[in-house]
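Working notes, structure below.
Coordinate-derived values only; no laboratory data. For clarity, every value in this text was computed on a predicted model and none was experimentally measured. Using ideal geometry, Cβ is built from the backbone for each residue, glycine included, and neighbour counts are taken over all protein chains shown.
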Amino acid sequence: MPASARDLFLDLLRTAIDAGTLTKLTLGKHRGTDATLQNLFVRPVTLKNVPHLTFVWRHPTRDITKNHLPAAALALLEPLVGSDFLDAHLFTDTQTAQLECQPDGQAKLRVKQVTGVREAPAPHDRIKTHVIPATAPWLRSLGVTNERGQPREGMADKFRQIQKFAELLGHLLAEATLPTDRPLKVADMGSGKGYLTFAVSALLSTRARVQGVETRAELVELCNRVALENGLAPGLIFTAGSIADTPLASVDILIALHACDTATDDALAKGIAAGASLIVVSPCCQKELRAQLRAPAVLADALRHGIFQERQAEFVTDALRAELLEWAGYKTKVFEFISTAHTAKNLMIAAIKSRPPGDAAAASRLREFAAFYGIRSQQLATHLGVSLVP
């Protein structure tokens, strides 16, 4: 009995994997049990000098990536071709092969010879380029990395957070209108152990004078010592104090990451009053409005669940903050700072000064929003002298 089109395709696939000539495999027209699965993409990679095949399972809102040794990969692929996936497209150094199957079992195979130079498999364990060099001495002094520039145990997520923050801040700096005839004034309100404060200082280097404000005296002492030991002082200094009580006459960039509840509002108000061109906050513990929330009756049954109440309070609080920043003359962006796999406190609000405050349309929108949820007062609105009552 002559070999079927599917059998011939699988022979080509086995040969390509065994010989190491596979460039890419694409499976499409999914008809398996997972209704959200669209495609499967397979390509060669090298992990710790060992050939693997990386599988990317494509869904509408997410991708799932798995790596397999060649023999295991082939064992997974064979039952999928012509069954769960009706289309298969194989790319090798010398040819392409396309298998088109029908639900009734009929199949057609097309093979085409190609010429060209194959790219080497992409190594997953290659040295990565970071915005903040992994070997920066201050990262080691703060316990984030070791002598080889590798994250210490338990610090991989913090290292990613530092890099992502530096990347995002670089984009925001390019958008903001900032002075170029003098060093920038930067304030990090609630700087904690200073991981991101040091990142700001490293990113801006001699362009800025950076001040970290922190209530815990022991962290202020630690950060000042690390800044001095690494040659970053006096361009980077830390002072003891609360966000609300620290005077801030003028500032170009204000940062407040993970300031709890209304401390974020205090920081936003400080930045607006000090004329900051760029304000970046990552709020957490949004508790203030929870007791005031009077959502529409249609939501009452859903909001008897505490987790939904909490998430609604977070949404309403931060959405209102964004509206108030718009009223104050800022172009505002709200986005995910970093994946929730690395931190649950992943929302970021970035505001770039773009116009004078007091926009009437913005005031109308924020009052309508507040009225919809029964909000009559909020800390940032109070700081700004904005009435939320129509």
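Structure notes:
- Taking other Cβ atoms within 10 Å as a rough exposure proxy, His59, His52, His305 sort from fewest to most as His305, His59, His52.
- Share antiparallel - DSSP beta bridges, the chain, percent rounded to 5: 70 percent
- Spacing of the two label points (7 Å from each Cα toward its C-beta) at Asn146 and Gln95, in nm: 4.8 nm
- The alpha-carbon atoms of region 5-123, seen along their principal axes, cover 41, 34, 22 angstrom, with the largest extent given first.
- FRET efficiency for Glu368 and Ala273, using Cβ-Cβ distance with R0 set to 25 Å, rounded to 0.05: 0.45
- Gain in span if fully extended, Lys112 to Gln38, counting 0.36 nm per residue against the direct Cα distance: 24.1 nm
- Folded to 0 to 90 degrees: helix 306-327 orientation relative to the chain principal axis, Cα: 60 degrees
- Using only the C-alpha atoms, the convex hull of region 88-247 corresponds to 241 Å³ per residue.
- Rounded to the nearest 10 degrees, the inclination of helix 5-19 to the longest alpha-carbon principal axis of the chain is 70 degrees.
- In the chain, the longest principal axis of the Cα atoms and the axis of helix 217-229 are about 70 degrees apart.
- Placing a label point 7 Å from the Cα of Ser377 along the Cα-to-Cβ direction, the residues of region 295-331 whose backbone N falls under 18 Å of that point are 317, 321.
- Where N is the number of residues in the chain, Cα Rg divided by 2.2 N^0.38 Å: 1.30
- Lys, Arg +1 and Asp, Glu -1 on Cβ, resulting dipole of the chain about Cα centre, debye, nearest 20: 340 debye
- Least to most buried among Thr215, Thr180 (fewest other Cβ within 10 Å first): Thr180, Thr215
- Filter on Lys66/Lys331; Lys29/Lys158; Lys29/Lys333; Lys164/Lys287 - keep pairs with C-alpha separation over 30 Å: Lys66/Lys331; Lys29/Lys158; Lys29/Lys333
- Sequence of Leu303, Leu69 once ranked by neighbouring C-beta atoms within 10 Å, starting from the fewest: Leu69, Leu303
- Put a plus charge on the Cβ of each Lys and Arg, a minus charge on the Cβ of each Asp and Glu, and nothing anywhere else: the dipole of region 264-366 about its Cα centre is then about 100 debye.
- With R₀ set to 56 Å, the beta-carbon distance separating Leu8 from Ala302 gives a calculated FRET efficiency near 0.50.
- With each label modelled as a point 7 angstrom along the Cα→C-beta vector, the Arg294-Gln309 pair spans 1.7 nm.
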